[in-house]
Amino acid sequence: MAGWERLSFEDGFLVATTPDPLGVGRLANHVRERLHGNSAFFNVNRHLDPTNVCVASCGLCAFADKYGGSRGRTYAVELAVVITARDVTETVTELHIVGGLKPKLGVEFCKVLFQALKLRSSWIHIKALRMVELDFLSQCSKLPVGEVVGRFMTAGLDSCPRGGAEISADRVRARICDHKASEERGLEIARTVHRLRLRSNCTMLYGHIETPEERGDHLVRLRELQE
Ligand code: SF4
């Protein structure tokens, strides 16, 4: 775009370590208004996590429980639809669906769930399954990720969240989420998702043990993926 200049990694480091975060906010707002005028965009969403049972044991996770654990719970499709129906009125635009990695909740379960949710609320945008979940479903079903995603699209999947990406740096991932798909695998799956013309969002989990350099590295990798 004419007149625009890419921020470098060094610019990113400066922004992340400045003692004037409000100044950065003003600059960001300037860019926002240049792109969109004085408009803000948002959606109204509800979350559904069909299960918190997970075979992984990520160091940062306070959500999951093991098989047979006292906090573990899994919804059948029918119950998931009933629970969702309680929360989803016509003003809700999106359902955000993520959960633990549980082998018994395979491709078929997700397909039937998406179909049932669309049947109940046809207008709803279904944003579901992080890259780590798609990787897991692909491994369990022995189907390529593209095939799995294609089946879900037919059932009603509209986009995928990129939550669970945490921070790209291996040093950090080894401490907080070493049971998850590697960063490279996550990016590879995101590329497959995008090639199928599904969108995904970007996330960064920060403010824990990562350094400003590692934040910058994460953002640069996301931008390279988008490019
Ligand atoms: S994969 Fe997700 S749900 Fe499972 S332990 Fe890791 S962070 Fe928790």
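The values are calculated or read from the model by the stated rules, or taken from the named source; none is laboratory data. The structure displayed is predicted, hence computed values, not measured ones. All Cβ positions, even for glycine, are placed from backbone atoms using ideal geometry, and neighbour counts span all protein chains on display. Note: areas computed on protein heavy atoms with side chains; ligands, DNA, RNA excluded. Shrake-Rupley method; radii C 1.70, N 1.55, O 1.52, S 1.80 Å.
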Of all residues in the range 89-104, how many are modelled with pLDDT of 90 or more and within 22 Å of the chain's Cα centre (by Cα)?
11
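Within the range 193-208, which residues are surrounded by fewer than 19 Cβ atoms within 10 Å (Cβ to Cβ) and at negative phi?
His194, Arg195, Leu196, Leu198, Arg199, Asn201, Cys202, Thr203, Met204, Leu205, Tyr206, His208
Does Gly146 satisfy the criteria of being in a helix (DSSP H, G or I), in contact (Cβ under 8 Å) with a residue 12 or more places away in the chain and either open to solvent by less than 40 Å² (accessible area, probe 1.4 Å) or among the acidic types (Asp, Glu) (or both)? First the steps, then the outcome.
Details: in a helix (DSSP H, G or I): yes; in contact (Cβ under 8 Å) with a residue 12 or more places away in the chain: yes; either open to solvent by less than 40 Å² (accessible area, probe 1.4 Å) or among the acidic types (Asp, Glu) (or both): yes.
Judged against the criteria, Gly146 is a match.
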Identify, please: which residue in the range 149-176 is closer than 30 Å to Trp123 by Cα and among the hydrophobic types (A, V, I, L, M, F, W, C) and is, among those, surrounded by the fewest Cβ atoms within 10 Å (Cβ to Cβ)?
Met153
Could we say that Ser39 is in a loop (DSSP other than H, G, I, E, B), under 23 Å from the mean Cα position of the chain (by Cα) and loosely packed, with under 12 Cβ neighbours inside 10 Å here?
no
Cβ pairs under 9 Å, 6+ apart or interchain, first in the range 40-63 and of a type in the set (Lys, Arg), second open to solvent by 20 Å² or more (accessible area, probe 1.4 Å) and at pLDDT 95 or above, ordered by first then second residue, are Arg46/His96
Per the filter on the range 119-143, residues in a helix (DSSP H, G or I) and either away from the ligand (no atom under 16 Å from the Cβ) or surrounded by fewer than 16 Cβ atoms within 10 Å (Cβ to Cβ) (or both) are Leu119, Arg120, Gln139, Ser141
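Of Ala76, Ala116, Ala64, which residue is away from the ligand (no atom under 16 Å from the Cβ), surrounded by 13 or more Cβ atoms within 10 Å (Cβ to Cβ) and under 25 Å from Val149 (Cα atoms)? Before you say what the answer is, go through the steps one by one.
On the way: Ala76 fails: surrounded by 13 or more Cβ atoms within 10 Å (Cβ to Cβ); Ala64 fails: away from the ligand (no atom under 16 Å from the Cβ).
The conditions single out Ala116.
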The range 83-103 - residue that is away from the ligand (no atom under 16 Å from the Cβ) and part of a strand (DSSP E or B) and, of those, surrounded by the most Cβ atoms within 10 Å (Cβ to Cβ):
Leu95
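So, of the residues in the range 20-61 that are among the small types (Gly, Ala, Ser) and at negative phi, which turns out to be nearest to the ligand (Cβ to nearest atom)?
Here the answer is Ala56.
If we scan the range 63-73, do we find a residue that is under 20 Å from Leu157 (Cα atoms) and assigned to a loop (DSSP other than H, G, I, E, B)?
Of the range 63-73, the ones under 20 Å from Leu157 (Cα atoms) are none.
Looking through the range 63-73, none of the residues is under 20 Å from Leu157 (Cα atoms) and assigned to a loop (DSSP other than H, G, I, E, B).
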For Glu166: the one exception among (1) in contact (Cβ under 8 Å) with a residue 60 or more places away in the chain; (2) in contact with a Gly (Cβ under 9 Å, 6 or more places away or on another chain)
(2)
